[in-house]
Amino acid sequence: MVSKPDPKGTPRAASRRDFLKTGLMGGAAIAAGAGAAKAGGDPLITEIQDWNRYLGEGVDAAPYGTPSEFEAHVVRRNVPWLTADPVSSINFTPLHELDGIITPNGLCFERHHGGTAIINPADHRLMINGLVDTPLVFTMEDLKRFPRENRAYFLECAANGGMEWKGAQLNGCQFTHGMIHCVVYTGVPLRYLLEEAGVKTNGKWLLAEGADASAMTRSIPMEKALDDCLVAFKMNGEALRAEQGYPLRLCVPGWEGNMWVKWLRRLEVGDQPWHQREETSKYTDLLAEGKARRHTWVMDVKSVITNPSPQAPVTHGKGPLVISGLAWSGGGTIKRVDVSIDGGRNWREARIDGPSLPKALHRFYLDINWDGSDLLLQSRAIDDQGLVQPSKDQLRAARGGNSIYHNNGIQTWHVNTDGVVENVEVS
Amino acid sequence: MLKFPKSAAIAALALAVCASPALAEGDADAGKKVFNKCKACHTVGDGAKHRVGPHLNDVFGRTAGTAEGYKYSKAMIAAGEGGLVWDDATMAEYLANPKAMIKGTKMAFAGLKEDADVANVSAYLKSFAAEPAEEPAAAEDAAVETEDAEVETAAATTEDTAEPGAAEMTFEASKGAFGLGRVATVEEITAWDIDIRPDGAGLPVGKGTVADGEPIFTDYCAVCHGDFGEGAGRWPVLAGGHDTLTKERPEKTIGSYWPYLSTVFDYVRRTMPFGDARSLSDDDVYALTAYLLYLNDVVEDEDFELSNENFTSIRLPNEENFFDDNRMSEPHYAQGVEPCMSDCKPGPVEITARAQVLDVTPEGEGDENAGGGID
């Protein structure tokens, strides 16, 4: 962090920033910049740089490492006007700054209903009660003695894109699509814990409850609980982050994020759903005729182009352009992603790169040669059940304008001739 | 054991001193009641912690925005750096209308309307000073005694739970395949299993009337939810919204949207008041639920009493309007349709709407635009 003065007395970071700024003007600027250097070369090459001369920090300068100081802008952000207080609010993953399919732990969006509970793992307990042969209590130590699994799953808040139901509103995929992350969880299959307690034959539902100040609760059908749910204590190899439910959270793969109860402290087996606040007042889908869908658990097939996007404009002018994005489906894997550069008139199949895992994010690319004209970028995902991501108009036609959750409509970005990108809706 | 003030000795001194004659303008006893309006966000006294707002021990004489370990708004920090110190005058101005005095303060509190309330709550707050006030006092008043009693109770509970320590208790081992974990006791299950179902399963024995609920709501809920459940600022609206579900801006309240009354009881009991969960008695929750029914015109008689006996006889008006997920029947999910790849739209595509029109993307501090929602 100590910045050593360079021979001209300006901090290095500043001159690098200047260089990037010049870069914005495209190839011509780079040529000019190089021309300005007396020796006929890029001074970053022809002059010896500080980092090449002086020693850097030794090991242990940061016992727990942090991203480079040049990445300080890569952070979660919130939209203050959305909620009354940050204690019950949301922030968003900076999707436009990330690549691949895994979200770094510190960038996973947060949604709490009563703030982040701080719990010493030694004080944490998980209870199983209700329609079981033996109600049980586990410590964290007990849980770590069950056989474990590692699985990559996306977690998407059902409200992701909720602000866009009525029309294009927020300029940035961080805000329009950033209530999602994808993490490798380590945990115990929920099945093992339920079997340990012995689920009675009439035990058809499970209530999961958190230990935080909102005592979050959701009803989950037993079939799902016994299928692929995990009780996780690690994310991307390290302990869960406090804001992600440390020391213990539930994973309900492919289903809406609210069900992934954080700070998980209790699982109750019952013969009916509980109709808790988060499955009645919230997380139900009001349709045009005034009726509402409930138990809309599965997250729909969906995709978004993360680059270019409003927060990540094209700064390099025409020529080779990497169009990149994410696709996912709560139903399984993504079979195909199509990309359109003309607002959905014509489509091309994009290239999916990296692992294709069920209920995990998929990374896609379309490498084009940009002619510098206006683009209307769209992506359309198709999952392994053959479900096709709908357009926003199709969704509104089916559901009306008053829904909030489960907006998986096709997103359009307008790239203008300067490379500036805007969130738009198209005919 | 006593975290605040630093030692029990100072505590005793401070408590003895708090009935200082300097409080002549305000009555700490009456202020304690006023403080109910602050309690959801602030704590005072022994073991006070930061909640939604900073703890308010020792707040008089303190520079604004400086309680250690609390994350203030930039506005509050700037006010402190600008020299704002909490005294009678500044406190009165802030509490009368927080946002008018400090633009950008994150204290979501409408303000105290009565000067007397301001004076009284100030007197009450002064009673939580670690240092002796300037003028030593002789008398002890009721507020002091109450506080003393609370301190003792708190201490007693700490000892109680510390003594038999979970580790030393003997539990029955699990008989499952792994033999991991141990059998939960009845007391443990009762302590945590507080969920209520629409069929009334889980309801505790108890009762409360609309009239009982009104003062509790005014003291503990109205600061956020408004006197009539209309919602203060952006805090949730709890009443009204009838016949709005098909309108452009539907208002989803207990009366207009919620299908089951059990959800109200369950939710209020497990998590409200926000920031002081589980502080209500079961009878309080019955009374508040009755009052919320009244605010939503589901019951009209102030003497209406809600109890575990008659609970399931009350139905909310919108119950019939929920149905299970049928997204797969929507036309766009029709199976077997190959998506179009070329010339899918008749002519060049036009832009019909732009985000910049509504531009509400956060760029920094102070965006207060309305529109959209996350829940």
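Structure above, values below:
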quantity: For residue A:412, residues with placed amide H under 5 Å, excluding near neighbours; calculated: A:424
quantity: Fluctuation leader among A:218, A:345, A:363 - chain A, Gaussian network, Cα springs under 10 angstrom; calculated: A:345
quantity: Förster-model FRET efficiency, 51 Å R0, residue B:170 and residue B:70, C-beta, rounded to 0.05; calculated: 0.75
quantity: Among the listed pairs A:204/B:252; A:262/B:252; B:32/B:71; A:224/A:359; A:200/A:224; A:392/B:345, those beyond 18 Å (Cα-Cα); calculated: A:204/B:252; A:262/B:252; B:32/B:71
quantity: Distance between modelled label sites at residue B:350 and residue B:100, nm, 7 Å Cα→Cβ extension; calculated: 5.0 nm
quantity: Burial order of peptide ranges B:98-105, A:331-338, B:185-192, B:118-125 (average beta-carbon count within 10 Å, highest first); calculated: B:118-125, A:331-338, B:98-105, B:185-192
quantity: Likely footprinting exposure, B:249, B:354, B:269, fewest C-beta neighbours within 10 Å first; calculated: B:249, B:354, B:269
quantity: Radius, Kirkwood style, for the stretch B:207-321 when every pair of distinct Cα atoms is counted (Å); calculated: 14.1 Å
quantity: Around residue A:279: net Lys/Arg minus Asp/Glu count, Cβ-Cβ under 9 Å; calculated: +3
quantity: Residue-by-residue Karplus 3J(HN,Hα) for the stretch B:32-41, coefficients 6.51, -1.76, 1.60, Hz, glycine and proline x; calculated: 4, 5, 4, 4, 3, 6, 9, 4, 5, 10
quantity: Potential lengthening between residue A:53 and residue A:66 on full extension [0.36 nm per residue; Cα-Cα distance subtracted]; calculated: 2.3 nm
quantity: Partner chain coverage, peptide B:108-115 - average Cβ within 10 angstrom; calculated: 0
quantity: Positive minus negative residues near residue B:254 (Lys, Arg vs Asp, Glu; Cβ under 14 Å); calculated: -1
quantity: Summed residue charge, Cβ within 15 Å of residue A:64's Cβ, Lys/Arg positive, Asp/Glu negative; calculated: -2
quantity: Peptide B:343-352 - average C-beta neighbours from other chains (10 Å radius); calculated: 6
quantity: Alpha carbon convex hull of the stretch A:94-137, projected area averaged over orientations, nm²; calculated: 6.1 nm²
quantity: Label-point separation, residue B:110 to residue B:49 (7 Å along Cα→Cβ), nm; calculated: 3.0 nm
quantity: Rounded FRET efficiency, nearest 0.05, which uses the C-beta distance separating residue B:343 from residue A:318 and R0 of 25 Å; calculated: 0.45
quantity: For a label point 7 Å along the Cα-to-beta-carbon line of residue B:205, residues of the stretch B:260-288 with backbone N under 15 Å; calculated: B:282-283
quantity: Set B:33/B:126; A:166/B:106; A:166/B:99 screened for pairs whose C-alpha atoms are more than 25 Å apart; calculated: A:166/B:106; A:166/B:99
quantity: Shielding score for B:316-327, defined as the mean number of other chain Cβ atoms within 10 Å; calculated: 5
quantity: Largest-first ellipsoid semi-axes for chain A, taking √(5λ) over the Cα gyration tensor eigenvalues, angstrom; calculated: 43, 29, 18
quantity: Shape parameters for the stretch A:97-293, alpha-carbon atoms, Rg then Dmax in Å; calculated: 17.0, 53
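Throughout, read-outs are computed from the coordinates displayed, never taken from laboratory work. Note that the coordinates shown come from a computational prediction; the quantities given were computed from them, not determined experimentally. Quick reminder, even Gly has a Cβ in these numbers, built from the backbone with ideal geometry, and neighbours come from all protein chains shown.
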